[in-house]
Structures are given as structure tokens and as C-alpha cells.
1. Answer with yes or no whether residue 87 is acidic (Asp, Glu) and either buried (at least 17 other Cβ atoms within 10 Å of the Cβ) or modelled with pLDDT of 95 or more (or both).
2. Of everything in the stretch 22-50, what is hydrophobic (A, V, I, L, M, F, W, C), surrounded by 17 or more Cβ atoms within 10 Å (Cβ to Cβ) and assigned to a loop (DSSP other than H, G, I, E, B)? Give them in sequence order.
3. Among the residues of the stretch 63-84, which ones are buried (at least 17 other Cβ atoms within 10 Å of the Cβ) and among the aliphatic types (A, V, I, L, M)?
4. Kindly evaluate residue 60 against the criterion of being at pLDDT 95 or above, under 27 Å from residue 120 (Cα atoms), of a type in the set (Gly, Ala, Ser) and surrounded by fewer than 21 Cβ atoms within 10 Å (Cβ to Cβ).
5. Going through the stretch 70-126 one residue at a time, which ones are part of a helix (DSSP H, G or I) and within 16 Å of residue 24 (Cα to Cα)?
Amino acid sequence: MMGGSANKKPRSKPASMVEPEDLVMIAAHAASEKKATDLVLLDLREIVSFTEFFLICTGASTRQVQAISNAIEDTLRKSGKHPLHIEGYSSAEWILLDYGDFIVHVFSPASRRFYDLERLWRDAPRVEVGKLAET
């Protein structure tokens with residue numbers, strides 16, 4: 001009789017064990033898959049204590065802003081990560097998905113220009129999306 005361990009599938013790590021850097025990159029990829037534009041990732045670890053990263057992106061329409069938000073939420077849920085809080089979904093001018101270690105901001109073009117989070121958090125280093133996992 002063969003040992004049971006040879007037939008077991010490797011388990012993926014629970015979300016609590018996955019690094020925030022990896023999860024925010026999963027979110028960025030999900031946004032990109034839904035054609036989000038102007039993806040910006042701000043590293044806030046040395047600036048604030050309430051979160052580690054802001055992921056900021058833009059959708060061209062209300063429908064696309066919601067689709068981007070849905071894709072991020074669905075993809076992270078499959079990784080075992082659920083948002084602590086979601087704001088702005090119904091109006092879809094600015095949807096905020098708070099995951100604790102990182103916050104995703106999905107904007108309409110007008111709201112992104114108006115709130116200008118990149119200027120507000122200009123002291124935060126920008127991380128090239130796709131490069132975070134390499135650091």
C-alpha cells in the first residue's frame with residue numbers, strides 16, 4: 001500500500017499567510033485584466049501606519065469602474081482575502097476596497113483628477129506594477 005502523501009495536492013497558502021505585496025499585485029493584475037488604466041501603486045509603509053499600499057486605477061465608465069472592482073474582489077476572494085470595507089460601489093465614481101494591508105481606489109476619470117491622490121501622497125514611493133514581487 002502506498003503512502004497517502006504521494007497523492008496529495010499541494011495546498012495554496014491561506015490569505016493570512018500570503019504577503020500583502022503578493023496580494024496587491026494580484027489585485028493589480030485583476031484590474032489590468034479588466035482594462036483599468038493608469039495603474040499606480042504607492043508604497044506607504046514608511047509614511048503611515050493604517051495601511052501598506054494604495055493601488056490606484058481608472059475605469060472609463062461607471063460600468064467599467066464596477067467591473068474592475070468586481071474583478072479585484074472576486075480574484076482576491078479566490079485567494080481567501082475579503083475586503084474589510086467597500087465604499088462608493090453604487091455611484092461608481094470612486095470605489096474604495098479596503099483590505100487592511102492595502103487599499104484599492106478605482107476611479108472614474110473625473111474623480112481621479114479631482115481627488116488627485118498621487119499629488120496628496122506624493123512623498124510615497126511609486127512601485128512599478130509587476131516589480132513589487134521582485135523586491
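1. Yes, satisfied.
2. Once the filter is applied, which keeps residues that are hydrophobic (A, V, I, L, M, F, W, C), surrounded by 17 or more Cβ atoms within 10 Å (Cβ to Cβ) and assigned to a loop (DSSP other than H, G, I, E, B), the stretch 22-50 yields 36, 44.
3. Correct list: 65, 67, 68, 71, 72, 76.
4. yes
5. Those that are part of a helix (DSSP H, G or I) and within 16 Å of residue 24 (Cα to Cα): 70, 71, 72, 73, 74, 75, 76, 77, 78.
The values are calculated or read from the model by the stated rules, or taken from the named source; none is laboratory data. Since we're looking at a predicted model, the values are computed, not measured. When we count neighbours, we look across all protein chains shown, and the Cβ atoms used for this are built from the backbone with ideal geometry, even at glycine.
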